[in-house]
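To start, the structure under review is shown below, and the notes come after it.
Read-outs: derived from the displayed coordinates by stated rules, not from any lab. Since the structure is predicted, the reported quantities are computational estimates derived from the model, not experimental observations. With ideal geometry, Cβ positions are generated from the backbone for all residues, glycine too; neighbour counts draw on all protein chains shown.
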Amino acid sequence: MTFPLFGNPWLHGLVAGLVLVLIVMGVAAYAIWYERKFSALMQNRVGPTEVGPIGLLQPIADGLKMLQKEHLVPTAADRPLFLLAPFLVVVFALSTLAVVPFGDGLIIADLNIGVLFALALASLMLIPVWMAGWASNNKYALLGGMRAVAQSISYEIPMLLTATVPIVLSQSFKLGDIVNAQANLHWFVLWPVGPGAIAFVLFMMTALAEANRIPFDIPEAESELVAGVTVEYTGMHFGMFYLAEYLHTLIASAIATALFLGGWDMGPLGSGPHWMILKTLLVFAGIYWVRWSWLRLRSDQLMELCWRWLVPLSLGLVLLSAMWVVWA
Amino acid sequence: MGAWIAFLVIATVLLVGALMVVSARDLVHTVLWLALSLIATAAAYVALHADFLAAAQILLYTGGVVTLMLFAVMLTRRQSGAQVLIDRANGGLRAALLAAALLGLLVTATVRGTPKLVAPTFNVDSTQALGVTFLTRLILPFELLSLLLLAAMVGAIVLARRDGKGVKLARLAPRVVIGQPHDGGEG
């Protein structure tokens, strides 16, 4: 798909983008079902069972329920910002899809700066989150927004630095090139031994922090902030925040797979988009596993972890990988 | 044709955003309009094939500077959601003079040289060229700039020190622990 569809880049972007967005929205909706089943299994419960076989129609029922609910805008809220925030959250989360490589040439836009594009959009995500917190005119929402901003500007730094490791090793910003440099099981998580694996773990940590997932979900800590920035949102507006969180996690897993786990490559077992999708879903499941196993960090611990450990460590990793490229 | 349409759209968004930055009355809206015009600037860079510059623009300006501004807004006001209005009654004359001077500069520049609205053609990848230039021909200014930034960072830390060994100025600034309500939960 590097060759634009029908020879027209505008049409190519429109068609490929629409198809991918619809597929990923469906996957994200079922990711919610999957998480409910997964967490139920971990806690010796059964999870959703009533709607459809083994609760498979639950996401559709949830969606319909949200659509029917009344939209409420608090009287004292900043109306335009309040209504804009949920849309922007979803738009920014979905835009990253443009650079996710699914297979050799199966990428909507193999930008020269693919990795940076994804990270720049991740950093934009916090503007609508903050907007929601501010516009709600609610102290819990505002505190949630404030924590989200503090967390994002801190964790952005180690995220960029750890993403630099595969960039240095493959000497390209293009996600397509980065995956190609890992062909035949030369995945950066395995080789060079050490920096790649540590960088992968750190990248996942920062991605979780950016997506506000446990153990880094202090911006929406329900026990102290009710629900953080989403506290005043009802119906589908809340649904969009909820969906965006899953989209963000899903796309972060895909980017991590492309950066560190060899993307669509599976060594002797061949290569293809199915491996990319499988690995992404495995990383995604790993995130759930972490989420339902760990506790939430306090916000000062969160900041300390980032500035005292993640930033110096990731700087060291960049240095190590640069040395590897020059001398090995 | 496509590039022309893209330019028109980007320029319109950029100008509307910039206009709203100076005319919006709510401080928060001003900051958000600024974010929009910065994103539009990044889009203009993309249209000129300066991809790396566009990414850096979003990461540093929208992701960094605007975020810091939002943070500052949140930390300096007391009541949540109360509008922070900008007083534009004063300084109108000075602003008009500045605007006139800037307009004069722009007009002179446009009259003297033909404005170029077409993207320069690169034989090489602009990102790569940028990297190579920074580490060869421009290595000295590049390193000097890093040193300057380092000095600024150290300065910021000295100002923000909590143990009293810092500069006196630190006592004037409100001490805020991130993530904890600092004004007794008033809201």
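Classify region A:74-327: rounded, prolate or oblate, from the alpha-carbon gyration tensor (a ≥ b ≥ c, eigenvalue square roots; a/c under 1.5 rounded; otherwise prolate if a/b is larger than b/c)? Judged from the Cα gyration tensor, region A:74-327 comes out prolate (a/c at least 1.5, a/b above b/c).
Using a ≥ b ≥ c from the Cα gyration tensor of the protein assembly as shown (square roots of the eigenvalues), is it rounded, prolate or oblate, where a/c under 1.5 gives rounded and otherwise the larger of a/b and b/c decides, a/b for prolate? Because its axes are fairly even, with a/c under 1.5, the protein assembly as shown counts as rounded. At full extension, A:ASN8 and A:LEU282 could sit 95.1 nm farther apart than now, given 0.36 nm per residue minus the alpha carbon distance. Candidates A:ALA77, A:TYR30, A:TRP292 compared by Cα position along the dipole of chain A: farthest toward the positive end lies A:TRP292, with charges placed on Cβ. Rounded if a/c is under 1.5, else prolate if a/b beats b/c, else oblate: with a ≥ b ≥ c from the C-alpha gyration tensor eigenvalues square-rooted, which is region B:1-77? The shape class here is oblate. Take the Cα of B:LEU106, step 7 Å toward its Cβ, do the same at A:MET323, and the gap between the two points is 5.2 nm. Helix A:126-135 and the longest principal axis of the C-alpha atoms of chain A enclose an angle of approximately 10°. Loop-located GluC sites (Glu not before Pro) in region A:34-108 (DSSP state other than H, G, I, E, B) with a sparse environment of at most 13 neighbouring Cβ atoms within 10 Å: A:GLU50, A:GLU70. Between A:LEU315 and A:TRP292, the simple spin-label model (points 7 angstrom out along Cα→Cβ) gives 4.0 nm. Approximating the spin labels as points 7 Å out from Cα along Cα→Cβ, the A:VAL15-to-B:LEU159 distance works out to 5.5 nm. Return one number: the angle in degrees, 0 to 90 and rounded to the nearest 10, between the long axis of the Cα atoms of helix A:195-210 and the longest principal axis of the Cα atoms of chain A. Approximately 20 degrees, to the nearest ten.
Loop-located trypsin sites (Lys or Arg not before Pro) in region A:33-103 (DSSP state other than H, G, I, E, B) with a sparse environment of at most 14 neighbouring Cβ atoms within 10 Å: A:ARG45, A:LYS69.
This model, with +1 at the C-beta of Lys and Arg and -1 at the C-beta of Asp and Glu, gives the protein assembly as shown a dipole about its Cα centre of some 1060 debye.
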